[in-house]
Every structure is written in structure tokens, then in C-alpha cells.
Amino acid sequence: MKTRFLFPNSYKTLGWVLFVPSLILIISSSVFNLSLDDYLTIKVFSIYQETIGEVPGFFTVITNSVSDELLTFGMILGGIFVGFSKLKVEDEMISKIRYESLVWATYLNYGLILFFALFIYGMPYLNVLFYNMFTLLLFFIIRFHYMIYKLNKTNQDD
């Protein structure tokens, strides 16, 4: 069985190291309404920036807090490494579970977007779209690992 598009198994550990702290920090900053703009403020290159009270600009250097960008990178890269790294034993059954989990997560994710598009408006809807960057990976990882757990449990019971 060819698994050309999967990362080596060793990437899964790096993925968990990036994913879990980023997830915890993103959720805690949202729940406790913490501003990440006070941390890691540096000069960065911007293709386009528009700030209230300032003239919009293309290809400029601005001063910006990069903590939210670092958390986004950690969450997305970690999630991709966790979800798409080979297991130690990668067979057709694991591939089937991976595929079905990805399809299931996609349906759930877009179902939730449609639901929220009908019932949430204004700035809270932008929050929904922001969190949507992470939910597809999160749903996939949860379902994939749950199905692997169930498969291992049934194999142990036999």
C-alpha cells in the first residue's frame, strides 16, 4: 500500500508538541478574553495592512504582535502532522479509517458552518469563521484516533 502523501511516523510527536499547547492557548485566550496583542510585538513585513485611523498600505513594514500568528501556525502545522503522519502499522484498514474520518469531519465542519450562517450574525460570525480554520483538523483528529482506538480495542478482545 502506497502512502506517498503521509508524513513519517516521527512527525506525529512534533505535531502533538505543536498542537496541544497551541490549542490550549487559543481556547484559554478566547474563554478568558485575553489579548494576545501585548506579547511578541516586532516589526514584520506586510503584503497588505489596514488599521483603523491609518492609511492602508501594500508591501510595508509594520509593528505587530505575532503571538496570534505563531499560535495559528502551531495549531495548523501540529494538526496536519498529527492527522497525516503514518501510524507504526499503516495498512488498508487504517487508510479506510483515515479516509472516512476525513470525509466525516468535512461534512460535520461544513454542516456547522451552514448552521451558524443561518443563526449567528455580525462579529460573532467572524469568530465562527476564525475557529473554522481549526475545526476541520480537530474533528478529523478526534474521529480518526477514536476509530483507531475502537479498532485496537476490538482486536484485543478477540
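The values are calculated or read from the model by the stated rules, or taken from the named source; none is laboratory data. Predicted model, so just to flag it, every value in this text is computed and none were measured. Cβ coordinates were reconstructed from backbone atoms using ideal geometry, including for glycine residues, and neighbour counts include every protein chain displayed.
Some observations on this one:
- Only a single item in (1) without any contact (Cβ under 8 Å) to a residue 40 or more places away in the chain; (2) under 30 Å from F140 (Cβ atoms); (3) out of contact with any strand residue (DSSP E or B) (no Cβ under 7 Å at 6 or more places or on another chain) is not met by V66, and it is number (3).
- Filtered residue count, the stretch 143-158, keeping only those that are surrounded by fewer than 16 Cβ atoms within 10 Å (Cβ to Cβ) and in contact (Cβ under 8 Å) with a residue 12 or more places away in the chain: 1
- Of all residue pairs spaced 6 or more apart or on separate chains, those with beta-carbon atoms under 6 Å, a first member in the stretch 31-47 that is farther than 18 Å from G57 by Cβ and a second member that is of a type in the set (D, E, K, R) and assigned to a helix (DSSP H, G or I) are L36/D68.
- For the stretch 73-122, filtered to residues that are in contact with a helix residue (DSSP H, G or I) (Cβ under 7 Å, 6 or more places away or on another chain) and polar (S, T, N, Q), the residue that is nearest to I141 (Cα to Cα) is S101.
- Answer residue from the stretch 96-107, given it is surrounded by fewer than 15 Cβ atoms within 10 Å (Cβ to Cβ) and touching a residue at least 24 places away in the same chain (Cβ under 8 Å) and is farthest from L6 (Cα to Cα) among those: T106
- Looking only at residues of the stretch 34-85 that are in contact with a Pro (Cβ under 8 Å, 6 or more places away or on another chain) and exposed (fewer than 14 other Cβ atoms within 10 Å of the Cβ), we find that the one that is farthest from L6 (Cα to Cα) is E50.
- Taken as a whole, the condition of being aliphatic (A, V, I, L, M) and at pLDDT 90 or above applies to I47.
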